[in-house]
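Let me begin by presenting the structure, written as C-alpha cells, before commenting on it.
The values are calculated or read from the model by the stated rules, or taken from the named source; none is laboratory data. Just so you know, these numbers come straight off a predicted model, no measurement behind them. FYI the Cβ positions are ideal-geometry reconstructions off the backbone, even for glycines, and counts take in every protein chain you see. Just the protein is used for accessible areas: all its heavy atoms, side chains included, with ligands, DNA and RNA removed. Shrake-Rupley method; radii C 1.70, N 1.55, O 1.52, S 1.80 Å.
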Amino acid sequence: IVVMLHSHRLVILRRISLLLGILYYYRALTMFVTVLPKPDETYTCMPRRNTTTTVDYAKRVLTILSGGGLSISGKHVYCGDYIFSGHTMTLTMGYLVIKQYSPRRFILLHWASFLISLCGVVFLLLSRGHYTIDVLLAYYVTSRIWWLYHTLAHNQQLKSRGEHNFLDNMCWWHVFRFFETKIRGPLPRRYSLPLPKTIKRFFRVSFTRLRRENSVSQEIFQT
C-alpha cells in the first residue's frame, strides 16, 4: 500500500524488483555451494531421483508456489535451501521499504513493521524452519545491499565510472546505472492515488463544480 500510494511508485517497484533479483541470485549461489541438513527431522522431503527431468522441476516449482513457500502448507517439497533464509530476506526487505518510502512522521507504522518482521523471524527460528546462521546472514546481506543501492542512487558521482568510484566493480552496477541515471537524489515523499490522469482530472473538476454550486446556493439562501 505504501508503494502504490507513492507518487514515484514505478521507480520504487523497479528498485524492489532489481534488489530482489540480486538477492535471489546471491541466495542461489550460497544454496549451491553450501547445503545444510534439515533443521527439523520431521520435515518431509521429496525422495532423491537421478532421472529428474525439466518437467519434474517445473512441477515442483509450481507446487512450492501454490503453497506460498511455506512448509506449513505441506507443499514445500525441496530440502537444502536454507542458507540464506528467503523468509528473513523478504521480511527485512518489507520493513526497509516501509521505513524508507513512508512519511517520516508515521513512526507508529515504522515500529509496527519492525516488530512484525522481528516476530516473523523469531517464529521462523522457533519452528525450526531455518538455522540461526541462515537468518543472520539473510539480514546482513539484505540490509547491506539495500543501503548500498540507495547510497549509490542518492549520489550522482557514484553513477559514473572512474578512479573515484570503486563500486562500479560490482556485477550489478551497470544495471543499476541504467535504471537510476535520470533519478536525481532521494525520491521526494509525495503521495497520490494510483489512478489515470483522466480519472483524477474528472474527480477534480467534479469536486470543483460541486464546491462552486454549494457556495452559490449558500449565497442565495443568505439573501
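For segment 158-182, name all the residues that are open to solvent by 30 Å² or more (accessible area, probe 1.4 Å), under 22 Å from LEU10 (Cβ atoms) and among the basic types (Lys, Arg).
Residues satisfying the conditions are ARG177, LYS182.
Evaluate segment 94-103: report whether one residue or more is at pLDDT 80 or above, out of contact with any strand residue (DSSP E or B) (no Cβ under 7 Å at 6 or more places or on another chain) and more than 30 Å from LEU187 (Cβ to Cβ).
Looking for residues that are at pLDDT 80 or above, out of contact with any strand residue (DSSP E or B) (no Cβ under 7 Å at 6 or more places or on another chain) and more than 30 Å from LEU187 (Cβ to Cβ), one finds none in segment 94-103, hence no.
Please report, ordered by residue number, the helices (runs of 4 or more DSSP H) entirely within segment 71-177 with at least 2 residues that are in contact (Cβ under 8 Å) with a residue 60 or more places away in the chain.
Fully inside segment 71-177 and qualifying: 86-101, 132-153.
Give me a count of the residues in segment 111-143 that are farther than 20 Å from ASP40 by Cα and crowded, with 17+ Cβ neighbours inside 10 Å.
5
What pairs come out if I take residues in segment 10-33 that are without any contact (Cβ under 8 Å) to a residue 40 or more places away in the chain and pair them with residues that are open to solvent by 60 Å² or more (accessible area, probe 1.4 Å) and part of a helix (DSSP H, G or I) whose C-beta lies under 9 Å away, six or more apart or interchain?
Sorted first by the residue in segment 10-33, then by its partner, the pairs are LEU13/MET4; GLY21/VAL175.
Among the residues of segment 19-58, which ones are closer than 30 Å to HIS150 by Cα and of a type outside the set (Val, Ile, Thr)?
Listed by number, the residues that qualify are LEU19, LEU20, GLY21, LEU23, TYR24, TYR25, TYR26, ARG27, ALA28, LEU29, MET31, PHE32.
Restricting the search to segment 196-223, which residues are hydroxyl-bearing (Ser, Thr, Tyr) and modelled with pLDDT under 65?
Within segment 196-223, SER217, THR223 qualify.
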